[in-house]
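The values are calculated or read from the model by the stated rules, or taken from the named source; none is laboratory data. Every value quoted in this text rests on a predicted model; they were computed, and no experiment measured them. We place every Cβ from the backbone using ideal geometry, glycine too, and count neighbours over all the protein chains shown.
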Amino acid sequence: MTTRWPTALPTGLLAETEVHLWLACLDVAPETLSQWEQILSVAERARASRFHFEKDRRHYLAAHAILRFLLGTYLKMDPAQLQFAADTLGKPHVLNDAKPSSLSFNLSDSAGLALYGVTRGRRIGVDLEKVRPGLSPEAIAASFFSRGEIRTLRSLPIEQQGEAFFNCWTCKEAFLKARGSGLLAPLDQFEVAFLPGDSPAILHAADDPEARERWTVRRLAPAPGYAAAVVVEGRDLQFKHWQWQA
C-alpha cells in the first residue's frame, strides 16, 4: 500500500541512528531547471549532455541539482561548492575540506521520480523502480536471482509475481549499492526475503556470513506504480521520509 510522504524542507538535523529518505519529482519548469543547472559541476553537465533523449537529460540535471540542495543543507555548505569523489568501485562521496565527509548518501531515479537516502557514518543504498507491466518475472529471475528466490517467486500465483519480482529486485539493487559493489557483484550470490508477509532482510550472502545481522532492509511504497527499497548498515535505526519541496 502506498503511503503519502509528507512535504517538507530539509533542516540538516540528522542523528547517527536516523535514516532520512527523500522523494522528489524531476519534472520541473524549464526556467527552474536552467537556474538549477548553474550549481552543477562541469563534469555533471557534460554527462547530462550525453543522454540521447531530452527528457532523460532534464531528469539527470534535476536529480543531481536536488542532491546538491539536500547535501548542502546537511553539510551547511553552498550546494554549488560541493565536491564529489568516487571510491575504487565508483560510489560517490562528498569531500569536506578535501577529506571524505561522514555523510553517506545514495540516489536512485526512475520515470520522473528520484529517491535519496542520507545517513551519518553508515553505508546506505536505495533503489527505485517504475513497475512495468508486461514483464516476464520468471524469465528475468532465472537469469539474476538465487535459486531460493526463483523457487519462492514460482510458488506464487501469476497475478502476484510482478509485485514480488520488483520487491526482490529493489532490495537486491539497494543491497549492492549499499555495499558499493553495484552490478559488479553477481545478483545470485545472495538472497533476500521479499514476500509481502515477510520481514525484509538479507537472508544470506555468499561472501558475508554476518549479512543478516549487519544490514537493515526496508521496502518502500513512495508513489503509486513504483517499488523501492533501502538497505542500511546497522540495526535499531529510525527511518524518516518526506517529499522534497523546492
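Quick notes on this one:
- Hits in region 27-45 - residues which are within 23 Å of the chain's Cα centre (by Cα) and either part of a helix (DSSP H, G or I) or on the phi > 0 side of the Ramachandran plot (or both): Leu33, Trp36, Glu37, Ala43, Glu44, Arg45
- For region 119-155, a residue qualifies if it is over 29 Å from Leu67 (Cβ atoms) and among the aromatic types (Phe, Trp, Tyr), and exactly one does: Phe145.
- Top-ranked residue in region 93-115 [being farther than 30 Å from Pro224 by Cβ and in a strand (DSSP E or B); ranked as modelled with the lowest pLDDT]: Lys99
- In the condition set (1) free of Cβ contacts under 8 Å to residues at least 24 places away in the same chain; (2) touching a Lys or Arg at 6+ places or on another chain (Cβ under 9 Å); (3) of a type outside the set (S, T, N, Q), Ala139 is compliant with all but (2).
- In the set (1) of a type outside the set (Phe, Trp, Tyr); (2) more than 18 Å from Val131 (Cβ to Cβ); (3) free of Cβ contacts under 8 Å to residues at least 12 places away in the same chain, Thr216 fails one condition alone, (3).
- Any chance Ile66 is farther than 26 Å from Lys130 by Cα, touching a helix residue (DSSP H, G or I) at 6+ places or on another chain (Cβ under 9 Å) and surrounded by 15 or more Cβ atoms within 10 Å (Cβ to Cβ): no
- Within region 93-148, if we keep just the residues that are under 23 Å from Leu14 (Cα atoms) and exposed (fewer than 14 other Cβ atoms within 10 Å of the Cβ), the residue that is nearest to the chain's Cα centre (by Cα) turns out to be Gly121.
- Unique match (being outside any strand (DSSP E or B), touching a Gly at 6+ places or on another chain (Cβ under 9 Å) and at pLDDT 95 or above) among His64, His59, His20: His59
- Failed item, numbered, when Leu75 is tested on (1) at pLDDT 90 or above; (2) farther than 21 Å from Leu9 by Cβ; (3) not acidic (Asp, Glu): (2)
- The sole residue among Glu173, Glu163, Glu149 that is touching a residue at least 24 places away in the same chain (Cβ under 8 Å), of a type in the set (Asp, Glu) and touching a Cys at 6+ places or on another chain (Cβ under 8 Å) is Glu149.
- Output for region 156-206, where each listed residue is among the β-branched types (Val, Ile, Thr) and under 20 Å from the mean Cα position of the chain (by Cα): Thr170, Val192, Ile202
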